[in-house]
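Q: My questions all concern the structure below.
What follows is calculated from the coordinates using simple rules that are stated; it is not laboratory data. Please read all numbers here as calculations on a predicted model, not as lab measurements. When we count neighbours, we look across all protein chains shown, and the Cβ atoms used for this are built from the backbone with ideal geometry, even at glycine.
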Amino acid sequence: MLAALLLYSCANIGRPEGGPRDMDPPIFIGSDPKPNALNVKKSKIELVFDEIVTLKDQQTKVVISPVQKENPVIRSGGRKVTVEFRDTMLPNTTYVVDFSNSIQDNNENNPLEDFSFAFSTGDTIDTLAIAGIVLHAKTLEPQQGVVVGVHSCLDDSAFKTVKLERIARTNSLGQFTIRNLHAGSYRVYALNDVDRNYLFTRNEDMAFLKEVIVPSSHSTTTMDTIFTQKNIVDTVIPGVHTVFTPNDLLLSMFNEGYRAQYLKKNDRPEARKLLLTFAAFADTLPELRIIKPEEYAKDWYRMERTERYDSLVYWITDSALIKCDSIIAELKYLKTDTADNLTMTTDTVSFILKNTYKKKLEQEAKKKEREEKEMQKQMEREKKQLEKQRKKEAKRREKEERERRKHGLPPIDSTMVDSAGVVKTEIDTVTIDSTKYKKEVPKLGFSIGLTGTIDVDQRAQFKCTEPLDSVLQRGFHLYIFEEQDSVWNELPCDTVRLDYEYNPLSYGFDYNWIPGAQYKMVVDSLTVKGCYGLWNETMEQKFTVKNLEEYANLFLNITNAPDTAFVELLDGSEKVVKTVQVNKGVAEILNINPGNYYLRLINDANGNGEWDTGNFDQNLLPEETFYFPKVMKLKKNWDVEQAWNLFETPVDKQKPDAIKKNKPEKKKTWETEDEKNKKKKQGNFGDEDEEEEDEFGNQFYSGNKYTDFNRNNNNNRRNGMR
């Protein structure tokens, strides 16, 4: 069987100096004990190959079933690989060592793909197998190097209390095969086993199937095609093979998002702020009561928080509290106890003004003092300079007037001659412009979030640097520029309100902007007042709305889309750009800026408008997602209509490679420069070559649809997996 796995033809691509390049992986030629040997008693196995071999990433790629309490010692030396078990060998048990592609030759690092070795300590050997793929539930990323295992104990608790019985590890495509299973019923799980104990803990990524799996096998006759190294057909022969099922399992990996709840941090970053940070989300607001000092105002703070109460900022408005270096408070909140239950807990917390902040205040005070002194000196210098200039000017004018008087001419400046005709010698009092030396009056930090060119659906937003005490609605003015008359006409301005009730620093309103129009937003001074008594100054901001011709529109006709689904438009980094609800199989995404985009559909089963993860204890799988398999290249002034059948493309081929984070390992190819240039000219160079190599990489049918079947010919496979 192992020999058949290694069957293929080679193509000679040239003979560089020093002999032909080694393009072949190592060939397994023998072992002690032999493959599938029975009644094995020794704890050391020895594998022999046709050339010198090395092991790569054996700690992460090599897995052994049944799971070992103490890791075996796996070594390579010369043409041999040895595995020495440290645990006591179990009686009547089938052992499997799955090397994946960790064995490679020493010269060119050609890997021996999907190599495994099995033997039994009893009279029989288990031979069944199951196969499938593990993808991230939301992003459909192939989950590389995660553990997939089975339990013959069908109780759900076994996943948490008993180590997985038989395991495999996924390859770079997320594919797995669990070999040499005993006949029976199994639960199947996937686990990102961070602590390497083969048990599920709530903070680990995992996947499970609701169905119980019963491995089976049957014989089938196929026409086997043997390819050369370059995927050229060599031979086509009929063959009878054993098919192991199920071989199309889909495991959707997710994280429950569980985090133990506790107070992570209490801090006083500055005199006016108290900060509480919790380790997990909550559905209730904690209670904070000041203990020391005893005297303080009843409404001593303004609250700023996150939506789910994991971060709270108390903006202190009581001036007496602000001056206190230390504040002690009683905090009541829900905390995870030792039994993993949320219980109401009362803690005493201290908020001490840090020395670093005090030093900062001292430095700012010193800086302010230096600036005031420098301003005073500047005023004195300017006064002296003016006095000097006035004296000089007075002397010049005095001399000039005397000369004119001497020659009987009338004075130029009568103010320089008194009533008796005597020229004055006194100098007027020197005055300077003191307005430029006035101290700057503190203003509330308040900004308009409409600048330059905005989108037609953009919200008018205003940001402030502290919570507000009052908002004067009539202080906001919106104008539109009328080109015909070249005038600004005022428009009715919607009520300015908080964007979110939990964020007192962000205000705004929605408006139906006219495409291509020019607007002006004006905020009068003294329109908004902060909680520390500061007012805004007058602000004015002009902006222009984009024309509709600058956008693209996308109309999706989606087959098999549930009524609860919504579609997300993603950019190249998978950031959500727009979200629209699906209505009777149709989704319209309007006013899209030109660019390359991707599409993801989420079956929002509970209708809360977001993707929800699963829960193992509740036997709840995460909400299902689909990707459109191609990039959407949208150009301005384009309307694009696109059909999308959710089940047309296999799940593991839906997500475009351009946005995949977990890229598969690239298989080594041996090509001359002439062959590479020829492919470039034919337009078959790049990703298409990699896909073709992936489709025909296995030239022997192992019963795994993910490695043996043409990926473009399996509509039934997609439906079966779901």
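Q: For Thr121, what charge total do you get from the other residues with a beta carbon under 13 Å from its beta carbon, if Lys and Arg give +1 and Asp and Glu give -1? It would help to have the intermediate numbers written out before the result.
A: On the way: positive: Lys41, Lys42; negative: Asp87, Asp123, Asp126.
Around Thr121, the surrounding residues sum to -1.
Q: What three numbers, in Å, describe the spread of the alpha carbons of the range 2-253 along their principal axes, ordered from the longest?
A: Principal-axis extents of the range 2-253 (Cα, largest first): 61, 39, 36 Å.
Q: In nm, to one decimal, how far is the modelled label at Lys406 from the one at Lys653, with both set 7 Å along Cα→Cβ?
A: 11.1
Q: If r is the Cβ-Cβ distance from Asn92 to Asn197 and R0 is 25 Å, what FRET efficiency results, to the nearest 0.05? Numbers along the way, then the final one.
A: On the way: r = 25 Å, r/R0 = 1.02.
For R0 = 25 Å, the calculated efficiency reads 0.50.
Q: So if I place +1 on the C-beta of Lys and Arg and -1 on the C-beta of Asp and Glu, and nothing else carries charge, what would the dipole magnitude of the range 263-353 be about its Cα centre? I want it in debye, nearest 20.
A: Details: 14 positive and 16 negative charges, 42 e Å.
Computed charge dipole of the range 263-353: roughly 200 debye.
Q: Assuming a viscosity of 0.692 mPa s and a temperature of 37 °C, what translational diffusion coefficient in µm² per second does Stokes-Einstein assign to the range 176-255, Rh being the Kirkwood radius over Cα pairs? Can you show the working numbers first?
A: On the way: Rh = 16.0 Å.
Here the translational diffusion coefficient equals 206 µm²/s.
Q: Continuing with this model, one more query. So which trypsin sites (Lys or Arg not before Pro) in the range 527-609 pass both tests, a DSSP loop state and at most 15 other Cβ atoms within 10 Å of the Cβ? Working shown, then result.
A: Numbers: sites: Lys529, Lys542, Lys546, Lys575, Lys578, Lys584, Arg600; in loops: Lys546, Lys575, Lys584.
Taking the range 527-609 and a limit of 15 other Cβ atoms within 10 Å, the loop trypsin sites (Lys or Arg not before Pro) found are Lys575, Lys584.
Q: Once you sort the root eigenvalues of the Cα gyration tensor of the range 102-211 as a ≥ b ≥ c, which label holds: rounded (a/c under 1.5), prolate (a/b larger than b/c) or oblate (the other case)? Write down the numbers at each step before the final one.
A: Details: a/c = 1.92, a/b = 1.15, b/c = 1.67.
It comes out oblate by the Cα gyration axes.
Q: I want to check the label-to-label distance for Ser470 and Arg79. Put each point 7 Å from Cα in the C-beta direction and report it in nm to one decimal.
A: 9.4
Q: Sort the range 263-353 into rounded, prolate or oblate with this rule: let a ≥ b ≥ c be the square roots of the eigenvalues of the Cα gyration tensor; rounded if a/c is under 1.5, and if a/c is not under 1.5, prolate when a/b is larger than b/c, oblate otherwise.
A: Working: a/c = 2.15, a/b = 1.77, b/c = 1.21.
Verdict is prolate for the range 263-353.
Q: Also: Using label points projected 7 Å from each Cα along Cα→Cβ, tell me how many nm separate Asn637 and Glu204, to one decimal.
A: 5.8
Q: Name the shape class, rounded, prolate or oblate, that the alpha-carbon gyration tensor gives for the range 483-638, where a ≥ b ≥ c are the square roots of its eigenvalues, rounded holds for a/c under 1.5, and otherwise prolate holds if a/b is larger than b/c and oblate otherwise. Before the final figure, lay out each step's value.
A: Working: a/c = 3.01, a/b = 1.52, b/c = 1.98.
Oblate is the answer for the range 483-638, as a/c is 1.5 or above yet b/c matches or exceeds a/b.
Q: Over the Cα atoms of the range 480-562, Rg to Rh with Kirkwood Rh, two decimal places?
A: Numbers: Rg = 18.7 Å, Rh = 16.6 Å.
Using only Cα positions, Rg/Rh for the range 480-562 is 1.13.
Q: Diagonalise the Cα gyration tensor of the range 518-567 and give the resulting equivalent ellipsoid semi-axes, square root of 5 times each eigenvalue, largest first, whole Å.
A: 44, 21, 5
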